[in-house]
Structures are given as structure tokens and as C-alpha cells.
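Asker: I'd like to ask you about the structure that follows.
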Amino acid sequence: MPRLQAKSFAAPDDVRTMPMIRFETVGLDEARVGHCSFEPGWRWSTHLAPIVGTPSCQMRHFGYTMSGAVRVVMDDGQALDIGPDTVFEIPPGHDKWVIGNEPWVTIEWGASGRALAAALHEAGDRSLATVMFTDIVASTATLERIGDAAWHDLLVAHNARLREELNVFRGREVKTTGDGFLAVFDSATRAVRCAAAMVTSAQAMDLPIRVGVNTGEVEFVGGDVRGIAVHAAARVLDLAGPNEVLISPTTRDLLEGSDLILEEAGMYELKGFAGARQVFRLSCRIDLRSNPGSACIERISPRRRTDVLVEVPQLTVDLDTMACVEHRSLPACRRRVASSRPAIARCTFQDLLSEGIDHLSLEGRPDG
């Protein structure tokens, strides 16, 4: 219902600034009015087109010029100078720039004001990031099995461990998702390394998790992050299995030159996205010739569990399967280790190389 109200631009509801632009808005229920100032030398095609990504401005402007002047040139060649004390309408498909040595100061209202506010918001807060989602596998079943109190303690411990890994790999926690995390990174390589470390930390708690990673432009809104790249990362997560890190093709391209080894996980149509896309899986395969004495490797399986201390350069393996899931550059590590058979043997990297084995993989097949 309409009501009597007034607001002053001396105390605007929102202020957006970027080089040569200041935009203040006030809202009157559903109506939004903008107070805009464009400095001399400002031009849409120079200062906003590279950010918005269109060759001309696609917004309709409806407003009043308080001071200064602007020249408008439409895509079809029509041109108009708009000076002070002038009401104007500018259709979509135009370029414009300030003329003279005085700022162009306007009042814009209706959809014009909202659209300009949205454009400046996007221009100021969009950036390239690698997005990661994590999720505890079968969390509801685990909650039902162990009860509320034990689940709460387990979730607190899970969150603490994963936050440690985020800190190590300089990830930014955006929020928790109930039984997982949404985080962003400014490096695709660090994001994937963090994902692998998180899986290992969760495995040490007998808590399988899955991870989905994607890279793209995102928009930071307050403490949250939005954008198509975020939705794509969530869809990649949906495809992952227990203790699995799945990676989008965009992120995979950014990992070129790293020592991370990926393998094809299949072609999938991600919900809400057109066409099938190749998804990749992080592999635990290690080249022993290029990493002599640099890691301890363990096999983890649900069948049998024993505690084993591994000291570099020794390697703990199941000699029947030659399988591994973990490698860390640590002087020693103690983990819950299991084998499909009771006996776990120790051997050095050189022992393996002498047997003609120069790779180990998660699937348990020596490669080479």
C-alpha cells in the first residue's frame, strides 16, 4: 500500500564507487532512485564496457540532468547532447561520455536506477576464483547410527580439521553447508591440493567426504559468493563418490604444469548446464623415479585396520595390491592403515624400482 515517506541522498541506502563514478541510491518501498556523478573524461565504452562485456550499454536510462553534460551516440548513429536541467530517456544500445570540464550529475529512477546499481555492483565485486564444495558422505545415515550428541562432536572435529587445511592452503571459507564447506581460492593448484589434504584428514577420522572443484568468475555479496561458477562446482560435487576429488575441465586446464595427476572420470551433463562435459578425478598415482624418498604412502581399506609407523624413505605398501591413497612429505606419520590381507610389508623406494615398479596408483595397479 502506498504510504507517505521521504529519504535524503545525504544518507543514501547504498553507495557504489569506482574510478570516475559515484552512484548513491535510496529506496522507497519498491521504487529505487539513483543519484549519479560521472567525472570529466569518463566514457562508457572505456570504463564500463570491459567489465560489463557488451560493445554498447544495454540499459535504458530515464532521468534528469542536474549539472554537466553528456554526449550520447546510439548504435545506429543517432547522437544527442544532454545538458543541465534536462529530462532524458536513453534507449538500450548506446555509448556516452562526459563533455566539458564539469561532472555530469543526474537523478535516475525506476528500472534504470536498479539496473545501473546492479551493473556497478557486478563491476566492483566480480573476480576469478576456484570454488570448492565439500560434503560428508552418507551424513544422514551416520547421524541416525550414532545419535545427535556423537554426531555433533564428530562434526565439530571434522570442521576443525578441514579448517586447518584451508588455513594451510590459504583458502577462504565462505560458509558451512551443514555437513560440508563452501570455500574459494585464488589458485587452482592450491585448491586441489587442499581438497586432497581434506580427504586425507577426514579419512583419519573414518569419515568419508567428497569434494567438487570448479574455476570461474564469482560475485562476492557481503559474506557470500554467487555466480555460475559456484553452481557448477556444486554440480561437480554431486558426481563425486567417497574420498573422491572431482575437478571441472576449466580447473583442469589451470593445473597444467603442476605435478598433480588427473584422470578422466567420464562425460556428464551437469544439471542446469547445456551439453555434456568431461569431469576429471584427482589421482594418487606417484612417480617414484621423480620422487625418491620424498613421501610415505599408506593403503586404507575398510576391511582390516592396524596402526603402522612409516618413516621416510621407507614405504608402507600392501605387496599384493601395491595400492596407496596418501603421500606426504613428513619425516614420519602415523595413520590408520589397512590391508586386504593381514601382512603389511615395508620396503624402500629403491626396492620397488629394482622390481621394475616405478609408479603406484590408487586403484592398486603398478604402472610401469
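Asker: Can you give me the long-range amide H partners of Phe88? Hydrogens built in the peptide plane at 1.01 Å from N, cutoff under 5 Å, separation of 5 or more residues or another chain.
Answerer: Long-range HN contacts for Phe88: Gly63, Tyr64, Thr65.
Asker: Here's another thing I want to ask about it. Round to the nearest 0.05 the FRET efficiency obtained for Glu102 and Gln58 when R0 = 30 Å and r is the Cβ-Cβ distance.
Answerer: Result of the calculation: an efficiency of 0.65.
Asker: Measuring from the lowest to the highest alpha carbon on each principal axis, how far does the range 14-109 reach, largest first, in angstroms?
Answerer: Ordered largest first, the range 14-109 gives principal extents of 38, 29, 24 Å.
Asker: Give the order of Cys194, Cys57 when sorted by the count of other beta carbons within 10 angstrom, beginning with the fewest.
Answerer: So the residues, fewest neighbours to most, are Cys57, Cys194.
Asker: Tell me whether the range 176-221 comes out rounded, prolate or oblate; compute the Cα gyration tensor, take square roots of the eigenvalues as a ≥ b ≥ c, and use a/c under 1.5 as the rounded threshold.
Answerer: Oblate, since a/c reaches 1.5 and b/c is not below a/b.
Asker: Just to confirm the filter: which GluC sites (Glu not before Pro) across the range 1-93 are DSSP coil and have at most 15 other Cβ within 10 angstrom of their Cβ? Don't jump to the answer; show the numbers that get you there.
Answerer: Values: sites: Glu24, Glu30, Glu89; in loops: Glu30.
Here the GluC sites (Glu not before Pro) that fit, given the DSSP loop and packing criteria, are Glu30.
Asker: Out of every Cα-Cα pair in the range 184-285, what percent are more than 21 Å apart?
Answerer: Numbers: 1678 of 5151 pairs.
Everything past 21 Å amounts to 33 percent.
Asker: What is the order of Asp95, Asp29, fewest Cβ neighbours within 10 Å to most?
Answerer: Details: Asp95 19, Asp29 9.
Taking fewest neighbouring Cβ atoms as first place, the list is Asp29, Asp95.
Asker: Sorting Ile21, Ile261 on the 10 Å Cβ count, fewest up front, what's the list?
Answerer: On the way: Ile21 19, Ile261 16.
Ordered from fewest to most neighbouring Cβ atoms within 10 Å, Ile21, Ile261 come out as Ile261, Ile21.
Asker: If amide H atoms are built 1.01 Å from N in the plane of the peptide, which residues on other chains or at least 5 residues away come under 5 Å of the amide H of Ala265?
Answerer: Placed amide hydrogens put Val279, Phe280, Arg281 under 5 Å from Ala265.
Read-outs throughout are calculated quantities, based only on the coordinates presented, and are distinct from any laboratory measurement. All values reported here derive from a predicted model rather than from experimental measurement. Don't worry about glycine lacking a Cβ; one is built from the backbone with ideal geometry, like all the others, and counts go over all protein chains shown.
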